[in-house]
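The structure under discussion appears below in the form of structure tokens.
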Amino acid sequence: MNNIARKDRRVAGKLRDGSLIKNFDPWGSPLCTCPVKYSLNPYTGCSHFCLYCYATSYIGRRPSTPKKDYKRRLLQDLHKIDPRYHIDIATSSDPYPPEEERYLLTRWTLQQLLPKGYKVLIITKGSLVARDSDILSKGNAAVTMTITTLDDNVAKRIEPGAPPPSRRINALQALSESGVPVGIRLDPILPFINDSREEIREVLVAANNAGARFVVTSTFKARPDSLKRILAEFPELEEKYNRLYRVEGQWTYGYWYLPANIRKRILVTVKEEAQRLGMEFAVCREGFQELQTAETCDGSHLIPQRIKPRMKRREITEFFS
């Protein structure tokens, strides 16, 4: 048994079906190089309605809704997890949808996790994350913001429910200025939509100016439902996409991948632009690990160690003062 498998066994020991906090599992894909970690999704469904979303194949396409009995179940899970491993919030439903302004569920989650020393990596498109900089800046937390384009028109078409790119950049800057380590996910890159060098450079420059020092990128990996949505919005690309994905591409681990030479060319373009800016670079489920310069592919190495796990009551009180 290799080291990752041994770690997985230790992490999985106390978690059962029905737990809110789960062992992160990329469906057994060997292309995933993520460190051992947990995942947590306060909401189910996602009001951002991104056309390329992979999660709709199993959670459906519906607005964000708080998970049933979430608060009680989360508190029940906390004593079962190993604080050495970080928690991704979130991997299938954005933790900062518009509904978060009303429910405050993600903020409540951070109030339970961070004072106790748990490590958290926020993954979001929601500019509302900047609201929680007061908590994130005190704990073992980092944020990666998904930004696929700075073109408001393109963003509105492919991410119709998400905040415009300019608001995401502003949120990154606010977080960075408050002391929260930030990176970006330039993910996914869609052929003929947001794959030009000029557009890639524009995103990275804006993110870097806002304080991001890390970028992870990935090409669009098509599932039947997501490909159908993309082609409904961009019917002029139907012939090209069917050729690139269904004919010349490869079905692997539940997705149609672009041909390897095309994927590598796109990834190298992002790496070159990132290196010009001194940004760390990683790829997500692409192979080509020789391209990576960052310590981790998910950005979890950005998480600072500000608090030791299992703080005493007095220390928790000081956290909120």
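Here, each number is a calculation from the coordinates, and none is a lab measurement. Computed from a prediction, not measured in an experiment: that's the story for all the values here. Quick reminder, even Gly has a Cβ in these numbers, built from the backbone with ideal geometry, and neighbours come from all protein chains shown.
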Problem - Simple spin-label estimate for A260 and D69 in nanometres, 7 Å along Cα-Cβ - result: 4.9
Handout entry: Environment charge at A260 (Cβ cut-off 11 Å; Lys +1, Arg +1, Asp -1, Glu -1)
Key = +1
Handout entry: Net lengthening on full extension, Y58/R84 (0.36 nm per residue, minus Cα-Cα)
Key = 6.4 nm
Exercise for the section: Would you please give the residues with an amide H less than 5 Å from that of T146, counting only those at least 5 places away or on a separate chain, with H modeled from the backbone geometry? Expected result: T124, K125, R185
Handout entry: A232 paired with Y103, simple spin-label distance in nm, labels 7 Å along Cα-to-beta-carbon
Key = 2.4
Problem - For V215, residues with placed amide H under 5 Å, excluding near neighbours - result: I184, E280, F281, A282
Completion exercise
In degrees, nearest 10, the alpha-carbon axis of helix 260-276 is tilted away from the dominant principal axis of the alpha carbons of the chain by 60
Problem - Structure-based [θ]222 nm, the chain - -39500 (n - 2.57) summed over DSSP H runs of at least 4, per residue, nearest 500 - result: -9500 deg cm²/dmol
Handout entry: segment 37-98 and segment 137-170: distance between their alpha carbon centers, rounded to Å
Key = 18
Practice task
Round to the nearest 10 and give me the degree value, 0 to 90, for the angle of helix 3-12's Cα axis relative to the longest principal axis of the chain.
Solution key: 50
Practice task
Would you be so kind as to identify which of A162, S19, I184 lies farthest towards the positive end of the dipole of segment 3-319, taking Lys and Arg as +1 and Asp and Glu as -1 on Cβ and the Cα centre as origin?
Solution key: S19
Handout entry: Helix 165-177 axis, angle to the chain major axis (alpha carbon atoms, nearest 10°)
Key = 40
Practice task
Provide W108, W256, W251 in ascending order of the number of other Cβ atoms located within 10 Å of each residue's Cβ, fewest first.
Solution key: W251, W108, W256
Handout entry: Magnitude of the charge dipole, segment 3-319, Cβ model with Lys/Arg +1 and Asp/Glu -1, debye to 20
Key = 1560
Handout entry: Counted charge near T56, where neighbours are those whose Cβ lies closer than 12 Å (Asp, Glu -1; Lys, Arg +1)
Key = +4
Completion exercise
Fewest-first ordering of L302, L78 by Cβ atoms within 10 Å yields L78, L302
